[in-house]
Structure formats: structure tokens, C-alpha cells
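Structure, as C-alpha cells:
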Amino acid sequence: GAQMGVSLIAAVAAPQTALGQTAVSLLGVGAQYGVIMPFSRLHESEADNIGAELMAKAGFDPTESIRLWQKMAQASQGAHPPEFLSTHPSHATRIEDLQALMPKALGLMQQAHAAGKKPRCIK
């Protein structure tokens, strides 16, 4: 345990050695998959939710955001990496998250319509 930790620290401190280069590479990969990608997915999910809420506040039907991701899933025909290897949530995760948001978003759309906000492009 402790010996392994000391060895890793020594390897990272001396990146000119083969072991040091490997250790630094592994730390980079660990940071990429353990820190960067989950935060990127979180930001993407947050953007999806904000987008659906903004649609609703403008009077657009936020359920169309779900249909968009259903169409994207169909178009990709399963050709995407596992979610943990991606900077974006899977189509299924996006759909589930947006479905969970719909009661709030539909309420926002109803408020917008009650306030007279209805996009002119909607018949």
C-alpha cells in the first residue's frame, strides 16, 4: 500500500524514466475519465434542462426536446461510445432527464401562454 504510493510519487516526480512517463500518462487518463468527462456530461445535462425551460418560457412546447433526442438516438443506430467514455450524456439519459423535467417545463409553458406568449411560428 504505502510502498506502492511512494513508488508512484517517485515515478511521477521523475517523468523522464519509462515508469515515470507511464505514471504521468495513467494519471492523465484517470483525470480525463474520472474528473473531466463526468463534469462535461453534467454541463451538457444542465444545458439540456436550461434549453427546455427557455423553450417553455418562450411558449414553445418543451416536449419537442424529447422528440429531438429520440430522433438523434434513431439516427445514430446505437453507434456511440459507452457514456462513461463520452463527454456527452447518452441519448437515453438525455431523454430520461428531460422527461423528469417535463412537469415543471409544461407548467412554465402554460404560464407563458397565459401571459400571451405564443411564438408566431406555431399555429
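The number of residues in segment 89-106 that are modelled with pLDDT of 95 or more, surrounded by 12 or more Cβ atoms within 10 Å (Cβ to Cβ) and of a type in the set (Gly, Ala, Ser) comes to 1. From the set of residues in segment 73-88 that are modelled with pLDDT of 70 or more and more than 13 Å from the chain's Cα centre (by Cα), which is surrounded by the fewest Cβ atoms within 10 Å (Cβ to Cβ)? In this case the residue turns out to be Gln77. Residues in segment 107-118 that are assigned to a loop (DSSP other than H, G, I, E, B) and surrounded by 12 or more Cβ atoms within 10 Å (Cβ to Cβ): Lys117, Lys118.
Within segment 20-72, the set of residues being surrounded by 16 or more Cβ atoms within 10 Å (Cβ to Cβ), modelled with pLDDT under 90 and polar (S, T, N, Q) comprises Ser45 only.
The values are calculated or read from the model by the stated rules, or taken from the named source; none is laboratory data. No experiment lies behind these values; they were computed from the predicted model shown. Methodologically, a virtual Cβ is constructed for each residue, glycine included, from the backbone with ideal geometry; neighbour enumeration extends over all protein chains shown.
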